[in-house]
Amino acid sequence: MLELGKIRAITLDLDDTLWPIWPTIERAERALHVWLSEHAPMTSALFANPAALREIRNETTTARPDLKHDMSALRRESIRLALGRAGDDPLLAEPAFEVFFAERQRVTLFDDVLPALEFLSGRFPLVALSNGNADLKRVGLARYFRASVSAREFGVGKPDPRIFHAAAGAVDTLPEFILHVGDDVTLDALGALNAGMQAGWLNRSDALWPHEQEPHVTLTHLGELKDLFA
């Protein structure tokens, strides 16, 4: 059960917690394909199917395990590999990635997000804690957060306890006094539990909890946090 009186800070996952990620990625991949058709037509023709680009990205992930926590670097290197394989200029990988990355920041927030952030940020220091590569400034949410900790910058991703502890350190708060909220049962909820935090599982899809350890609270939308702390 959630110990409301102990909570001094809140950490929040981003992708699929504040916005749905796959519509965003699909839109960014379409924008990338349009750009490739104008600037690297051989790559565009060879990899017209977004699934083919994902396949080459998986190949890049296997070839570059050193980049496993850096989604931006993996995406950039996969574009570079695609360009080279198709016979286009690999130097186009940088501007091509920027097209993708700019579109990736154009997220559509869940309806409950802004009211919840307005409420929570007025009462607690908030920390973004993500394995992804969203940029809070470009997304337009930076004003609500005291800090942001990402696997890309930290070098270790959730559910490793160290990244949760880094988020706690960013607001000078012990893990036991922090509530972490996220959608992923393993990366977020179980990761937070194992890091000594209170865990809030955001279950928007009425999924079943699969682990023996249970979260301190299960939420169906972020508005429920407002109700808990009101």
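Yes/no matrix, rows are residues, columns are (1) among the β-branched types (Val, Ile, Thr); (2) touching a strand residue (DSSP E or B) at 6+ places or on another chain (Cβ under 9 Å); (3) free of Cβ contacts under 8 Å to residues at least 40 places away in the same chain; (4) within 15 Å of Trp35 (Cβ to Cβ):
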{"site": "Asp88", "(1), (2), (3), (4)": "no, no, no, yes"}
{"site": "Glu94", "(1), (2), (3), (4)": "no, no, yes, yes"}
{"site": "Phe100", "(1), (2), (3), (4)": "no, no, no, yes"}
{"site": "Arg104", "(1), (2), (3), (4)": "no, no, no, yes"}
{"site": "Leu109", "(1), (2), (3), (4)": "no, yes, no, no"}
{"site": "Glu118", "(1), (2), (3), (4)": "no, no, yes, no"}
{"site": "Gly122", "(1), (2), (3), (4)": "no, no, yes, no"}
{"site": "Pro125", "(1), (2), (3), (4)": "no, yes, no, no"}
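Rundown of residues vs (1) out of contact with any helix residue (DSSP H, G or I) (no Cβ under 7 Å at 6 or more places or on another chain); (2) surrounded by 24 or more Cβ atoms within 10 Å (Cβ to Cβ); (3) modelled with pLDDT under 95, yes/no style:
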site	(1), (2), (3)
Leu193	yes, no, no
Gly200	yes, yes, no
Glu212	yes, no, yes
Glu224	yes, no, no
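Quickly run through the stretch 1-30 and pick out the residues that are in a helix (DSSP H, G or I) and either over 23 Å from Val171 (Cβ atoms) or modelled with pLDDT under 95 (or both). Show your work before the answer.
Here is the first cut: in the stretch 1-30, the residues in a helix (DSSP H, G or I) are 4-6, 21-30.
Across the stretch 1-30, the qualifying residues are Leu4, Gly5, Ile21, Trp22, Pro23, Thr24, Ile25, Glu26, Arg27, Ala28, Glu29, Arg30.
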- [ ] Answer yes or no: is there a residue in the stretch 124-134 that is under 18 Å from the mean Cα position of the chain (by Cα), of a type in the set (A, V, I, L, M, F, W, C) and under 23 Å from Arg27 (Cβ atoms).
- [x] yes
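The values are calculated or read from the model by the stated rules, or taken from the named source; none is laboratory data. These numbers come from a predicted model, not from an experiment. Reconstructed Cβ throughout: ideal geometry from the backbone, glycine too, with neighbour counts over all protein chains shown.
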